[in-house]
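> First, the structure itself, so that you have it in front of you.
The values are calculated or read from the model by the stated rules, or taken from the named source; none is laboratory data. No experiment lies behind these values; they were computed from the predicted model shown. As a convention, Cβ positions derive from the backbone with ideal geometry for all residues, glycine included, and neighbour counts pool all protein chains shown. Please note that ligands, DNA and RNA were not included when accessible areas were found on the heavy atoms of the full protein model with its side chains. Shrake-Rupley method; radii C 1.70, N 1.55, O 1.52, S 1.80 Å.
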Amino acid sequence: MRVVVMKFGGSSVIDAEAIARVLAIVEAERQRGNAPVLVVSAMGGVTDALLELAQAARAADEPAVTRGLDALLDRHLQQATQAGVDHVAIQDAFGESFTALRAALDAMRGRGDSDGRALDAVAAAGELLSSRLVAAAMTARSGYAAWVDARDLIVTADRYTCATPLADETNTACEARLRPLLAAGRVPVLGGFIGRALDGSTTTLGRGGSDYTASIIGAALNADAIQIWTDVDGMLTADPRIVYDAEVVSHLSFSEASELAYFGAKVLHPSTIFPAVARNIPVRILNSRRPEAAGTLITADPPSGNRPFAALACKRGITVIDITSTRMLMAHDFLRRVFEVFETCETPVDVVTTSEVSVSVTIDDNRRGADIVAALLQFAEVAVEEQMAILTVVGDRLATNSTLAARIIGAMTGFPLRMISQAASRRNVTIVLPQASLTAAMTHLHRELFALKELVR
């Protein structure tokens with residue numbers, strides 16, 4: 001039995017028409033003799049609507065909460081009807097989710113603080129609803145679907161809004177719940193993004209976590225393949241919103257895909273690759289609107305090809321923090337104190353450049369910015385620049401060909417470069433520059449590095 005984990009994003013299940021495409025894709029996979037496991041995101045826009053409901057609940061705006069709940073229920077019921085789902089059966093299924101959602105919102109009423117536990121209970125509703133809807137639509141069409149509550153599979157630590165899965169417990173649960181269904185010819189359908197802590201509370205894996213769920217399930221079942229279905233043809237050589245002629249990269253290494261995801265490629269969640277790497281499971285990115293397209297295949301050892309670079313990625317909204325020691329601390333002591341601040345404030349650092357008495361770092365989450373600066377000022381001078389951007393060039397061959405980095409930097413002559421870094425893996429060259437220059441810089445760099453067709457794998 002060849003197990004294939006198929007993840008469909010929010011745009012792929014946004015309405016009844018999109019769900020019908022999903023069912024056709026799954027049926028085609030079954031006709032090829034494979035055993036699919038479906039992981040679905042919330043319908044497009046639903047998670048944002050749920051977070052707005054949480055805000056309204058914290059503000060004790062009961063009319064807004066009621067309107068929001070009614071709109072969500074109406075939307076899901078309308079799409080269920082259009083998908084041919086039995087109205088009574090789906091109302092019962094939705095009723096359970098909406099009862100839990102209402103209870104979570106009531107628990108937040110009038111609380112100005114952000115209670116991560118309650119927020120996760122609210123945010124999880126989108127995936128629970130969409131997975132029930134897709135399972136019901138598949139049952140109405142073919143009868144072989146089996147809805148599974150993802151919280152019974154993904155066991156996590158109790159760090160809310162960005163929970164860490166517990167591998168042993170999750171693997172055991174997946175084998176126990178999913179393997180018998182697959183053996184019976186059923187297609188398990190579950191929501192991504194969500195899990196359950198050991199105390200029974202609902203957790204989430206962070207925004208975009210449905211990709212991660214698919215990879216976790218794939219690793220737990222030692223699947224033959226993981227498919228990430230989205231609304232683009234695969235991983236592109238640049239952000240298509242910036243570079244109009246960006247092209248699909250047909251094959252990437254795990255390392256290249258991981259770097260691209262971390263540095264802003266929106267097609268793939270940064271954590272997706274890690275469980276797949278551990279089991280050497282190939283990952284393919286595909287377009288649910290164009291299932292005939294080959295997409296991007298991600299494996300441990302792609303063909304070497306003759307292109308030196310894989311793709312470009314970018315992040316906006318970056319903050320640069322320059323930290324200079326105010327006294328002659330030993331270098332190791334200074335660096336230790338600097339990074340202890342970011343650890344205490346639970347804020348990850350993207351790019352680092354250092355000297356003995358100064359450090360420049362970038363962060364893309366500035367919610368604790370004031371706390372970080374206050375802590376650093378106790379032993380250093382601090383300067384902050386906001387509205388910056390990261391532009392990254394990724395490629396495995398950067399590690400073995402020293403001229404490629406020089407080619408990248410040389411191509412950026414004339415742009416206001418703020419920081420330049422090459423990672424320890426030497427698979428990327430990262431440039432920090434003002435956000436206002438990003439569009440021109442990425443367009444120019446893409447033209448310089450990817451102009452020749454034979455350089456694209």
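> Please find, among Ala383, Ala406, the residue that is among the aliphatic types (A, V, I, L, M), open to solvent by 40 Å² or more (accessible area, probe 1.4 Å) and either out of contact with any Ser or Thr (no Cβ under 9 Å at 6 or more places or on another chain) or free of Cβ contacts under 8 Å to residues at least 24 places away in the same chain (or both).
Just one listed residue meets the conditions, Ala406.
Per-residue answers, yes or no, for (1) in a helix (DSSP H, G or I); (2) aliphatic (A, V, I, L, M):
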position: Leu182; (1), (2): yes, yes
position: Gly185; (1), (2): no, no
position: Leu190; (1), (2): no, yes
position: Gly195; (1), (2): no, no
position: Thr213; (1), (2): yes, no
position: Leu252; (1), (2): no, yes
position: Val267; (1), (2): no, yes
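> Does region 247-259 hold any residues that are in contact with a helix residue (DSSP H, G or I) (Cβ under 7 Å, 6 or more places away or on another chain) and touching a residue at least 24 places away in the same chain (Cβ under 8 Å), and which are they? Give the derivation first.
Applying the first criterion (in contact with a helix residue (DSSP H, G or I) (Cβ under 7 Å, 6 or more places away or on another chain)) to region 247-259 yields 253-258.
Those that are in contact with a helix residue (DSSP H, G or I) (Cβ under 7 Å, 6 or more places away or on another chain) and touching a residue at least 24 places away in the same chain (Cβ under 8 Å): Ser253, Phe254, Ser255, Glu256, Ala257.
> Same structure, new question: Just the residues that are in contact with a Leu (Cβ under 6 Å, 6 or more places away or on another chain) and of a type in the set (A, V, I, L, M), please, taken from region 268-299.
Ile298 - this is the single residue of region 268-299 that is in contact with a Leu (Cβ under 6 Å, 6 or more places away or on another chain) and of a type in the set (A, V, I, L, M).
> Which numbered condition in (1) in contact with a Pro (Cβ under 8 Å, 6 or more places away or on another chain); (2) open to solvent by 70 Å² or more (accessible area, probe 1.4 Å); (3) in a strand (DSSP E or B) is the only one that Met388 fails?
(2)
> Here's a follow-up. Return yes or no: is Thr324 among the polar types (S, T, N, Q) and surrounded by fewer than 19 Cβ atoms within 10 Å (Cβ to Cβ)?
Criteria met by Thr324.
> For residues that are under 23 Å from the mean Cα position of the chain (by Cα) and among the small types (Gly, Ala, Ser), scanning just region 1-18, find the one that is nearest to Arg141 (Cα to Cα). Talk me through it step by step, then tell me what you get.
First pass over region 1-18, keeping only residues under 23 Å from the mean Cα position of the chain (by Cα): 3-15, 18.
If we keep only those that are among the small types (Gly, Ala, Ser) too, we end up with 9-12, 18.
Working: Gly9: 21, Gly10: 21, Ser11: 21, Ser12: 18, Ala18: 15 Å.
Here the answer is Ala18.
> Just name the residue that is surrounded by the fewest Cβ atoms within 10 Å (Cβ to Cβ) out of those in region 19-71 that are basic (Lys, Arg) and closer than 26 Å to Met138 by Cβ.
Let us first name the residues in region 19-71 that are basic (Lys, Arg), namely 21, 30, 32, 58, 67.
Among the residues that remain, those that are also closer than 26 Å to Met138 by Cβ are: 21, 30, 32.
Numbers: Arg21: 17, Arg30: 15, Arg32: 10.
Looking at the filtered set, the residue picked out is Arg32.
> I've got another one for you. Which of the numbered conditions does Ala137 fail, given that it passes all the others? Conditions: (1) in contact (Cβ under 8 Å) with a residue 60 or more places away in the chain; (2) of a type in the set (Gly, Ala, Ser); (3) closer than 20 Å to Gly195 by Cα.
Unmet condition: (3).
> Looking at (1) assigned to a helix (DSSP H, G or I); (2) crowded, with 22+ Cβ neighbours inside 10 Å; (3) among the β-branched types (Val, Ile, Thr), find the lone condition where Val393 falls short.
So Val393 meets the others, but not (1).
> With the requirement that a residue be open to solvent by less than 10 Å² (accessible area, probe 1.4 Å) and in a helix (DSSP H, G or I), what does region 128-156 give you?
Answer for region 128-156, where residues must be open to solvent by less than 10 Å² (accessible area, probe 1.4 Å) and in a helix (DSSP H, G or I): Leu129, Ser130, Ser131, Leu133, Val134, Ala135, Ala137, Met138, Ala150.
> Return the total of residues in region 227-247 being closer than 30 Å to Ala35 by Cβ and of a type in the set (S, T, N, Q).
2
> Among the residues of region 1-13, count how many are part of a loop (DSSP other than H, G, I, E, B) and buried (at least 20 other Cβ atoms within 10 Å of the Cβ).
1
> Something else: Considering region 264-275 alone, what residues qualify as being open to solvent by less than 10 Å² (accessible area, probe 1.4 Å) and more than 17 Å from Val5 (Cβ to Cβ)?
Hits for region 264-275: nothing passes.
> Would you mention how many residues in region 418-449 are open to solvent by 30 Å² or more (accessible area, probe 1.4 Å), in contact with a helix residue (DSSP H, G or I) (Cβ under 8 Å, 6 or more places away or on another chain) and either outside any loop (DSSP other than H, G, I, E, B) or modelled with pLDDT of 95 or more (or both)?
Residues meeting the conditions: 4.
> Something else now. Scanning region 276-309 for residues that are outside any loop (DSSP other than H, G, I, E, B) and either modelled with pLDDT under 85 or open to solvent by 20 Å² or more (accessible area, probe 1.4 Å) (or both), which turns out nearest to Ser402 (Cα to Cα)? Show your work before the answer.
So in region 276-309, the residues outside any loop (DSSP other than H, G, I, E, B) come out as 276-279, 283-287, 296-299.
So of that shortlist, the ones also either modelled with pLDDT under 85 or open to solvent by 20 Å² or more (accessible area, probe 1.4 Å) (or both) come out as 277-279, 284, 297, 299.
Numbers: Val277: 27, Ala278: 29, Arg279: 31, Arg284: 30, Leu297: 27, Thr299: 24 Å.
Among residues in region 276-309 that are outside any loop (DSSP other than H, G, I, E, B) and either modelled with pLDDT under 85 or open to solvent by 20 Å² or more (accessible area, probe 1.4 Å) (or both), the one nearest to Ser402 (Cα to Cα) is Thr299.
> Separate question: Would you mention how many residues in region 221-240 are over 24 Å from Ala167 (Cα atoms) and among the polar types (S, T, N, Q)?
So the count comes out to 2.
> Can I ask one more? Can you tell me which residues in region 198-241 are open to solvent by 10 Å² or more (accessible area, probe 1.4 Å), among the polar types (S, T, N, Q) and under 18 Å from the mean Cα position of the chain (by Cα)?
Once the filter is applied, which keeps residues that are open to solvent by 10 Å² or more (accessible area, probe 1.4 Å), among the polar types (S, T, N, Q) and under 18 Å from the mean Cα position of the chain (by Cα), region 198-241 yields Gln227, Thr230.
> Check region 106-117 and report whether any residue there is in a helix (DSSP H, G or I), of a type outside the set (D, E, K, R) and surrounded by fewer than 16 Cβ atoms within 10 Å (Cβ to Cβ).
Yes, region 106-117 contains a residue that is in a helix (DSSP H, G or I), of a type outside the set (D, E, K, R) and surrounded by fewer than 16 Cβ atoms within 10 Å (Cβ to Cβ).
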